[in-house]
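Inspection log for the structure reproduced underneath, given as C-alpha cells.
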Amino acid sequence: MTTRERPEGHDGQSRGRAAAPRVRLVDVAREAGLSKTTVSAALNGTGRLSPAVREKAVETARRMGYRPNATARQLRAGRARLIGYVVGEFAGEPWTYLDSPYFAQLTGATAAAALRHGYALVMLPAGTLQREWADLPLEAVIVADPVEGDPLVEDLLAARIPVFSDASVADRPGAHWVDVDTGAAVRESLDHLREGGAGRPALVLPDSTTRFHREVLAAYRDWCARHGADDLVTLVGEPGNGPAVRAVEQALKTEPRPDGLFVVAEASPPLLMDAARRLGLAVPGDVRVVCVSEDESAAHADPPVSTLSLRPADVAEEGIALLVSALEGGGSTPAGVLLTARLQVRASSGHQS
C-alpha cells in the first residue's frame, strides 16, 4: 500500500497505530541500573534490600508504567482471585440495589475489603443463570440476601463453588455466613418505642422472602403477642421511596391509629416525616418512629429520625475475613458470624439516649 493509499483519520494522521509495547520487568531493571531479581524483590516486598534500593526500584517502575503480568501470576498460582457478588433480593430489577443506601454501602465495603486481600469482585445480576457464570474462574460467590429457595445457591454449591451469604445457608457444606441478630434487633426497637409511650406500633415491611424480612415479621408478631398489641402489618410490594411512602401513609390511616411506626422498608427518612405531616400527625407527639436505614439524611430530617443500622460495613469486613480464611486456610474457620444491629436514638422516637 502506498502512502497515498494509507487510511487516514480526520486529523490526517494514520489510523490504527500500534499500541505502545508493554513495559517489562527487565526494562525497569535496566532503567534503574539494578538486576531483574532485585527489582522483582523490591516490587513484591521481599528480599533483604536497603530502603534506598527498594524505593529506587518502586519509583522507576511507577514512572515507567510497569504493571505485573496478572495472567502469568494467576497461571503460576493456579488461582484467579475473583469473587462473584450478587444481591438475591432484586431478581426483577437486578441492578437497582445500588439505589439502596444499605446495599450501596455493603457493596462498596465488600469490594474495598476484598481488594485489600488481593481479590476482585465480579458483579453478577440477581437471578443469574448457570451459563452466565459457569465459565468464570470464580473462587467463591457472595450471595447477599438470597430469597427463599434461590436456585443460585443450590447451583453454586452443586458446582463446588464456596458460597458466602446470610444465616439461611447455615449448616450447608461449602457455605459460610455473616448475619445480624434479627430477633434481638426487632425487640430492641419495639421495646424502645414502647418505653417512649408507643404501645401499638405498626410495621411497614417489604413483601420479600429473604431470611431477614421473614425473621422481622416473626419477631414483630411474637412481640405483639407478648405485649397484647394489635398486629398491624403493611407490606410494600416493590423497592423505592414512592411505594414505601405510600405504605407508611396507609399504615398511619389505620383505625384506631397506631402510636408507633417501625419502618423496615428502605425509604428516605425526611420523606417519611413529610408523609406524617401531610396526614396532620406530629412526630413524635402523635406517632413515634424508628426506621431500618443507613441513609445519612436521617440525622438531618425534621425531626431527626431514629434508625436501626444493620452495619453493612462491618458485615462486609467480617464476611471478607471469613472468606479469605476459608479460601486460604491457615486455621479453623467458623461457619458463621452473628453481629448485633445498632439502634441510633434520635428525636423521632420521643426521647434520646
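Below is a table of values for the structure above.
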{"read-out": "Phi-based couplings in Hz for the stretch 267-280 (Karplus 6.51, -1.76, 1.60; Gly and Pro marked x)", "value": "7, 5, x, x, 5, 5, 5, 4, 4, 5, 5, 4, 8, x"}
{"read-out": "222 nm mean residue ellipticity, helices alone, for the chain (DSSP H n ≥ 4; -39,500 (n - 2.57); rounded to 500)", "value": "-12000 deg cm²/dmol"}
{"read-out": "Residue with peak Gaussian network fluctuation, the chain [Cα springs, cutoff 10 Å], from Ala219, Ala61, Ala112", "value": "Ala61"}
{"read-out": "HN-Hα J in Hz across the stretch 141-155 - Karplus 6.51, -1.76, 1.60, θ = phi - 60°, x for Gly and Pro", "value": "9, 8, 10, 7, 6, x, 6, 4, x, 4, x, 4, 4, 4, 5"}
{"read-out": "Top of Glu154, Glu318, Glu31 by mean-square fluctuation, Gaussian network on the chain, Cα under 10 Å", "value": "Glu31"}
{"read-out": "Listed residues Val216, Ser306, Val26: farthest to the positive end of the dipole of the chain (Cβ charges)", "value": "Val26"}
{"read-out": "Summed side-chain charge close to Gly47 - residues other than Gly47 whose Cβ falls under 14 Å, Lys, Arg +1, Asp, Glu -1", "value": "+3"}
{"read-out": "For the stretch 25-68, Kirkwood radius (reciprocal of mean inverse C-alpha pair distance, Å)", "value": "9.9 Å"}
{"read-out": "Bridge type composition, the chain - antiparallel percent by DSSP, nearest 5", "value": "10 percent"}
{"read-out": "Neighbour-count order for Val324, Val186, Val23, fewest beta carbons within 10 angstrom listed first", "value": "Val23, Val324, Val186"}
{"read-out": "Cut-off under 5 Å, modelled amide H: who pairs with Val233 long-range", "value": "Leu203"}
{"read-out": "Mean projection area, nm², convex hull over Cα of the chain", "value": "27.2 nm²"}
{"read-out": "Signed unit charges on C-beta, dipole axis of the chain, positive-most listed residue Leu323, Val289, Ala144", "value": "Leu323"}
{"read-out": "Percentage relative contact order, the chain, counting C-alpha pairs under 8 Å, at least six apart", "value": "15 percent"}
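Rule-based calculations on the coordinates, nothing more; no lab input. Keep in mind it's a predicted model, so treat the numbers as computed, not measured. We place every Cβ from the backbone using ideal geometry, glycine too, and count neighbours over all the protein chains shown.
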